[in-house]
Amino acid sequence: LILQTSLSIWGWGSLGVVLFLVTFGPFAIFYFAFYILCFVGGGFVVTLLFGKSNSEKYLEQCEHSFLPCTSVGIPKCVEEMKREARPIKIDRRLTGANIIDEPLQQVIQFSLRDYVQYWYYTLSDDESFLLEIRQALQYALVQFSARSKETDWQPYFTTRLVDVFGTHLRVFRKAQQRIAEKGDQMKDQAEELVDTFFEVEVEMEKEVCRDLVCTSPKDEEGFLRDLCEVLLYILLPPGDFQNKIMRYFVREILSRGILLPLINQLSDPDYINQYVIWMIRDSNCNYEAFMNIIKLSDNIGELEAVKDKASEELQYLRSLDTAGDDINTIKNQINSLLYVIKVCDSRIQRLQSGKEIDTVKLAANFGKLCTVPLDHILVDNVALQFFMDYMQQTGGQAHLFFWMTVEGYRVTAQQQLEVLQSRQKDGKHQTNQTKGLLRAAAFGVYEQYLSEKASPRVNIDDNLVAKLAETLNHEDPTPEIFDDIQRKVYELMLRDERFYPSFKQNVLYVRMLAELDMLKDPSFRGSDDGEG
């Protein structure tokens, strides 16, 4: 059945093909294929044209419905770009003082030139970006100036900065002492001194060590970047600070273009020496200060240089042919130079013999040490330096600094009142101004050492402090306004076992006697209260 069905299909199919060829001819099959192709192609072309027209109509509707018109903005931008650049006006006022503003403007200009302009001009000639950076820097400087004027700098410069500097010197001296005790065991003394310095710093300040910031350039730059980030957060407007590109540009300019070169210059030994020479060029060194420097010097090379210079000057004076009154002057100069050479020889001999290290053992050979009264210590520069170091170690520096500050206030107040009296005799009246200055100075001393906010605070009778506060509020300040409290502070330093009595048992006291040449002949003896 299946075979018959397949034969029937093939039969009918063959019959249809034969009849089609007989009716339409042998090329009819090609015509048929061509007609089909034309039908399909025509349908495709009609569909394409219809879709294109409908798509254009839809896009036109969308453009008018959702997109803004661009026929006005583009010509306006082109017209704006063709206009000539208008001159940019910059407000050059920063702090209000022309002597400060001009150098600051130069610093800003040089920073932009060295860190921005050299690459920015290869990208664009538009000055607006440079103007934005400049205005951001100027705004930060203006805010910094305004905040600085609102800050009370007196406690910082008179207390905190002095304490930090004194702590740095004590750490350095301790590091030098440890290096000297080790002797010749070290290969690289400079590197060992740096390591020892930061070890002593950790011991003294407990939780603070600045070794990485001071020795690693990478960590130093990172610290300066963080510092600039904090400053920009405080000084810049919120919009400029949130702009990361602007913030990073300003941060890098401040840290790498201003702060880092400034720190490198200030820490350059050659710059420091030149600056010191410039400061003392127009002023002669005080004789007492010069001799104290020689007596306190620990550098044999410096002492030998002073000795050689004094010897050269001595030979020159001896070679002069003088007569008359000049002879006495030259003799005095020769005697002074001989004394300087003698002090240098004595100091060099003491350092070479190791007396600076074994002063306690040396003092033991003399039995009981001589007593230097406290009032003598407070007026002698050499002795005061050792007593100040001891008071710093025991935490009583506030008492000593208060006593010294009151002494300075008394002298200043007396001078101001004498000037005021002389001007009143001449008919010039500046009473209110002078009294205002004295009142401000007295309040400054009170706030720094006696008020509740003082840190560190002088521990003294509260009744005396309250009485002083009432006097300051209701009466004009006088040079003697702090005398009662100063007397109590002096008695406290004199009697309290933590201060002067313990100082006499400390190694610093023995070294003080050695510096004063009082170990060889302990003939200067006196009582603790100053009689002697």
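The values are calculated or read from the model by the stated rules, or taken from the named source; none is laboratory data. The model shown is predicted, which means the values in this text are computed figures rather than measured ones. Backbone-built Cβ (ideal geometry, glycine too); neighbour counts: all protein chains shown. Heads up: the accessible areas ignore ligands, DNA and RNA and are worked out on the full protein's heavy atoms, side chains in. Shrake-Rupley method; radii C 1.70, N 1.55, O 1.52, S 1.80 Å.
Remark on Thr95: its backbone amide H falls under 5 Å from those of Asp101, a criterion applied only to residues 5 or more positions apart or on other chains, H modelled at 1.01 Å from N.
Could you tell me what percent of the accessible area of the stretch 287-355 is made up of carbon and sulfur, with a 1.4 Å probe and every protein chain present?
On the way: 2290 of 4600 Å².
Summing carbon and sulfur atoms, their accessible area is 50 percent of the total for the stretch 287-355.
Accessible surface comparison of Trp12, Trp403, Trp153, probe 1.4 Å, protein chains only, largest first: the order is Trp12, Trp153, Trp403. A simple spin-label model places the labels of Tyr275 and Asp219 2.5 nm from each other, with each point 7 Å out along Cα-to-Cβ. To the nearest 10, the accessible area of Arg147 is 120 Å² with a 1.4 Å probe.
Between Ser124 and His376, full extension at 0.36 nm per residue minus the direct alpha carbon distance yields a gain of 83.5 nm. Sorting Ser255, Ser319, Ser128 by solvent-accessible area of protein heavy atoms yields Ser319, Ser128, Ser255, largest first, with a 1.4 Å probe. How much accessible surface area, in Å² rounded to 10, belongs to the heavy atoms of Lys182 with a 1.4 Å probe? Number for this one is 80 Å². The trypsin sites (Lys or Arg not before Pro) of the stretch 247-283 that meet both conditions, a loop assignment by DSSP and at most 14 other Cβ atoms within 10 Å of the site Cβ, are Arg281.
Taking R0 as 22 Å, what's the FRET efficiency between Trp10 and Phe34 from their Cβ-Cβ distance, rounded to 0.05?
The computed FRET efficiency comes out at 0.20.
Using 1/(1 + (r/R0)^6) with R0 = 30 angstrom and r between the beta carbons of Asn459 and Glu199, what's the FRET efficiency to the nearest 0.05? E(calc), rounded to 0.05, equals 0.40. Remark: accessible surface ordering of Phe32, Phe402 (largest first) is Phe32, Phe402, probe radius 1.4 Å.
Restrict the search to the stretch 259-353; then list the GluC sites (Glu not before Pro) that DSSP places in a loop and that have at most 10 other Cβ atoms within 10 Å of their Cβ.
Values: sites: Glu288, Glu302, Glu304, Glu312, Glu313; in loops: none.
Sites meeting the loop and neighbour criteria: none at all.
Given in Å, the Rg to one decimal and the Dmax to the nearest whole number for the Cα atoms of the stretch 170-304 are 20.8, 62. Thr329 sits with roughly 70 Å² accessible to a 1.4 Å probe, with DNA, RNA and ligands left out of the calculation. Set the bar at 19 Å for Cα to Cα. Now go through Lys309/Lys342; Lys295/Lys342; Lys174/Lys206; Lys307/Lys342; Lys206/Lys504 and name every pair that lies beyond it. Lys206/Lys504, as the Cα separations exceed 19 Å there. Rolling a 1.4 Å probe over the protein heavy atoms gives the stretch 287-355 an accessible area of 67 Å² per residue.
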